[in-house]
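Q: Before we start, here is the structure in question, set down as structure tokens.
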Amino acid sequence: MVRNKTFNRKKILIIFTAVVLVLLLLAGRLVYLMVYCSEYYGKKAEDLHERERDIKAARGKIIDATGTVLATNRTVCTISVIHSQIKEPERVIEVLTKELDMEKEKVRKRVEKVSSIERVKSNVDKETGDRIRNYGLAGVKVDEDYKRYYPYSTLASKVLGFTGGDNQGIIGLEVIYEDYLKGTNGKILTLTDARGIEIENAGERRQEPVDGNNLHISLDYNIQMYCEQAAKKVMEAKSADSVSVIVMNPQNGEIMAMVNVPEFDLNDPFTLVAPDPQTSKETVETGIGSKDNTQDLLNQMWRNQCINDTYEPGSVFKIITAAAAFEEGVVTLNDNFFCPGYKMVEDRRIHCHKRAGHGAEDFTQGIMNSCNPVFIELGMRLGTDNFYKYFQQFGLLNRTGIDLPGEAATIMHNKKNVGPVELATVSFGQSFQITPIQLVTTVSSLVNGGTRITPHFGVSVKDDQGNLVETLKYQVKEGIVSSDTSKTLRNVLEKVVSEGSGKNAKIEGFSIGGKTATSQTLPRSANKYISSFLGFAPAENPQVLALTVINNPQGIYYGGTIAAPVVQEIFSNILPYLGIEKKAEPKDNTKKEDGAGQGNSENTDGTRQDDLENTTSQEQDNSENTDSTRQERPENTTSQGQNNSESTDTPSSLDNSSNSDNSGMVE
């Protein structure tokens, strides 16, 4: 009996000890959770009972060089519903269907969805949002938001770019400077019970948004408008597919205007713009064609031809060939040449635009006459190694680094595949492709004294109070050519405009340098051309440089006839605007009758057509008359037999063989 009592006491003691230990462990755990983990679990509990709604930050403005706001924001509303708080679901459905102009079933689906908060529609105009708020419907939330707004609609659309539904940049400056322009969203925090219903008198906490910074750019609204008007005018007059214009300060790379007409509406970027806008709109709205096809059309509409597309630059490239020849010392202004109308390179006869030839001429006369044999000779004197050395030195083989997305690279022959014929054609701007921005940047660097600049729009970033946040800086490379070479180039290019093939860009009282060009697109058999003119002023100290590129003009397509007048019109407006004054007229204004003739007396008319790079032999064979307009005088032609050889008529690339792209220019 005593033994049993002893056993029971031990048993009770063990059980008691075990219970005490468990209680101690639980107490220790409780102390740990309440003391050491209180902050963590308090935050978790708070999160469970707090409902979070975003307060959108205002995106920074884009402001031009004159202080004009090109991109800003409009206040819109986001309409949401909280299922657990809705008291009159049918009334809510009825009101939202009416005010938001949505299908009733779509609204019903969102109102009846069981979730903490459900968005019904965003980007609702403020007036509509205010009306919905005034109904006082339980469970319906109206939060103010921002939508990007472009006051000038189509102005510089392919430069500025646009934002998506989340207000993030998609193309253009909007995406490149996203980190500067976007702000930091705020939050509205409200307390709810376990059922998700807001607790009365609990109030709400707000985390205020931080607005984005403003981007100040070099683009000038007035110059952009001048250029767009001039581009639209020539596009309509020549029924061209598109027209591109770049206006840049060649001293520092600041771009004052970049035009790509037709432009599109930045406030409605998903509506196609085409030769037949109504058809395009119907295609998008009715879904005619595949979704992929519609997206392809939109991507094409959004393309910035100045930086995304390459083309054969034609005779404008002779500026670069001349710079390399001067720098290497293989030519002087007084070197004599003879042009019989063609140049034999191996077994190929490469024609000059003037089939009868320019005869005897020095180098100055050769560039004024845009004589192909002269530049073929320069290419041969330089040789392939030197030519490619200067391509690299001038920056042609690298992208420019412009602050816009999607810049295309130069398409050039692989050096090992360059034979005499390829070297000859490259020397006058054919059989390779570059972007307009690359051409403008390189020529700017050659005429500004030899400093390779980076083209750009962004100048500075400031907050909404005007305080400077950051001054944007860009890479420069000095000494790509000597100052003597740069000065010589400016002088000879001034003669091209004052006395040579660029006369249609001449403006009385201003010294303007420039070069005309006309190139044939691929395939050559399509007979489509690109006309262009590059000019700068003042010639002795360039402060502004402009390039106009006209794609597929109808009728007369020579750069000297249709592109040079566009630059003349632009310069007539912007030179006085920029404060560039006319030069004093000299008292002795002796007229030079043979300045541009130089063995080409029939080409003294202002409508000289001696700047065409590529045409078919059929056109050339019909061009033996000496009509003063000389519209039948292309620079490079082929025989009829060559035109039938389309298999080689492709733009050269780094892997192209040495006989590529000759069918459009040799006989």
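The values are calculated or read from the model by the stated rules, or taken from the named source; none is laboratory data. Since we're looking at a predicted model, the values are computed, not measured. Please note: Cβ atoms are built from the backbone with ideal geometry, for glycine as well, and neighbour counts cover all protein chains shown. Quick note on the areas: whole protein, heavy atoms, side chains included, nothing else; ligands and nucleic acids left out. Shrake-Rupley method; radii C 1.70, N 1.55, O 1.52, S 1.80 Å.
Q: Name the residues in segment 141-158 that are open to solvent by less than 60 Å² (accessible area, probe 1.4 Å) and either in contact with a Gly (Cβ under 7 Å, 6 or more places away or on another chain) or assigned to a loop (DSSP other than H, G, I, E, B) (or both), would you?
A: V142, Y150, P151, S153, T154, L155, A156, K158
Q: Same structure again: Just one of (1) at pLDDT 90 or above; (2) over 20 Å from the mean Cα position of the chain (by Cα) trips up D166, so point out which.
A: Evaluating D166 over (1) at pLDDT 90 or above; (2) over 20 Å from the mean Cα position of the chain (by Cα) leaves (1) as the failure.
Q: So, in segment 223-239, of the ones that are crowded, with 16+ Cβ neighbours inside 10 Å and more than 20 Å from the chain's Cα centre (by Cα), which residue ends up farthest from V567 (Cα to Cα)?
A: Restricting to residues being crowded, with 16+ Cβ neighbours inside 10 Å and more than 20 Å from the chain's Cα centre (by Cα), the top hit is K238.
Q: Being touching a helix residue (DSSP H, G or I) at 6+ places or on another chain (Cβ under 9 Å) and outside any helix (DSSP H, G or I) is the filter here, so list the residues in segment 226-240 that pass it.
A: Once the filter is applied, which keeps residues that are touching a helix residue (DSSP H, G or I) at 6+ places or on another chain (Cβ under 9 Å) and outside any helix (DSSP H, G or I), segment 226-240 yields only A240.
Q: Shifting gears a bit: Quick check on R59: is it closer than 30 Å to Q465 by Cβ, at pLDDT below 80 and surrounded by 10 or more Cβ atoms within 10 Å (Cβ to Cβ)?
A: When the stated conditions are applied, R59 does not pass them.
Q: Working only within segment 411-420, note down all residues that are open to solvent by 10 Å² or more (accessible area, probe 1.4 Å) and out of contact with any helix residue (DSSP H, G or I) (no Cβ under 6 Å at 6 or more places or on another chain).
A: Those that are open to solvent by 10 Å² or more (accessible area, probe 1.4 Å) and out of contact with any helix residue (DSSP H, G or I) (no Cβ under 6 Å at 6 or more places or on another chain): I411, N414, K416, N417, G419, P420.
Q: How many of the residues in segment 171-218 are touching a Lys or Arg at 6+ places or on another chain (Cβ under 9 Å), of a type in the set (G, A, S) and modelled with pLDDT of 75 or more?
A: 4
Q: Now for a separate question. Pull up segment 355-383, narrow it to residues that are open to solvent by 10 Å² or more (accessible area, probe 1.4 Å) and part of a loop (DSSP other than H, G, I, E, B), then point me to the one that is farthest from G559 (Cα to Cα).
A: A356
Q: Based on what the data block shows, is Y135 of a type in the set (F, W, Y), open to solvent by 20 Å² or more (accessible area, probe 1.4 Å) and over 30 Å from I402 (Cβ atoms)?
A: For Y135, the condition - of a type in the set (F, W, Y), open to solvent by 20 Å² or more (accessible area, probe 1.4 Å) and over 30 Å from I402 (Cβ atoms) - is met.
Q: Which residue, of Q438, Q465, Q475, is modelled with pLDDT of 95 or more, open to solvent by 30 Å² or more (accessible area, probe 1.4 Å) and either among the polar types (S, T, N, Q) or part of a strand (DSSP E or B) (or both)?
A: Q475
The rows are residues; the columns are (1) at pLDDT 80 or above; (2) of a type in the set (S, T, Y).
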site	(1), (2)
V2	no, no
T6	no, yes
R9	no, no
T17	yes, yes
L23	yes, no
A27	yes, no
L30	yes, no
C37	yes, no
E46	no, no
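Q: Can you name every residue in segment 421-435 that is among the polar types (S, T, N, Q) and either in a loop (DSSP other than H, G, I, E, B) or open to solvent by 20 Å² or more (accessible area, probe 1.4 Å) (or both)?
A: Selection gives Q430, S431, Q433, T435.
Q: Same structure again: Please identify the pairs in which a residue from segment 252-272 that is on the phi > 0 side of the Ramachandran plot has its Cβ atom under 9 Å from the Cβ atom of a residue that is assigned to a strand (DSSP E or B), counting only partners at least 6 apart or on another chain.
A: Close Cβ pairs satisfying both conditions: G253/H456.
Q: On to the next question. All but one of (1) out of contact with any strand residue (DSSP E or B) (no Cβ under 6 Å at 6 or more places or on another chain); (2) modelled with pLDDT of 95 or more hold for I319, so report the exception by its number.
A: Of the numbered conditions (1) out of contact with any strand residue (DSSP E or B) (no Cβ under 6 Å at 6 or more places or on another chain); (2) modelled with pLDDT of 95 or more, the odd one out for I319 is (1).
Q: For segment 518-542, what are the residues that are open to solvent by less than 40 Å² (accessible area, probe 1.4 Å), at pLDDT below 95 and of a type outside the set (V, I, T)?
A: S519, Q520, R524, Y529 - these are the residues of segment 518-542 that are open to solvent by less than 40 Å² (accessible area, probe 1.4 Å), at pLDDT below 95 and of a type outside the set (V, I, T).
Q: Would you confirm, using the coordinates I've provided, whether G357 is closer than 30 Å to P405 by Cα and of a type outside the set (F, W, Y)?
A: No.
Q: Here's another thing I want to ask about it. Having 3 or more residues that are in contact with an Asp or Glu (Cβ under 9 Å, 6 or more places away or on another chain) and more than 24 Å from L189 (Cα to Cα) is the bar; report the strands (runs of 3 or more DSSP E) wholly within segment 36-136 that clear it.
A: So the answer is 69-81.
Q: Can you tell me how many residues within segment 345-384 are of a type outside the set (G, A, S) and within 22 Å of S445 (Cβ to Cβ)?
A: Going through segment 345-384 one residue at a time, the tally reaches 5.
Q: Something else about it: Give the residue that is nearest to E144 (Cα to Cα), with candidates limited to residues of segment 75-94 that are of a type in the set (S, T, N, Q) and out of contact with any helix residue (DSSP H, G or I) (no Cβ under 7 Å at 6 or more places or on another chain).
A: T78
Q: What residue, among those in segment 442-483 that are without any contact (Cβ under 8 Å) to a residue 60 or more places away in the chain and out of contact with any Ser or Thr (no Cβ under 8 Å at 6 or more places or on another chain), is nearest to V331 (Cα to Cα)?
A: Filtering segment 442-483 for residues that are without any contact (Cβ under 8 Å) to a residue 60 or more places away in the chain and out of contact with any Ser or Thr (no Cβ under 8 Å at 6 or more places or on another chain), the one nearest to V331 (Cα to Cα) comes out as S483.
Q: Only one of these conditions is not met by V331: (1) at pLDDT 95 or above; (2) part of a helix (DSSP H, G or I); (3) more than 22 Å from S532 (Cα to Cα). Which number is it?
A: That leaves (2) as the condition not met.
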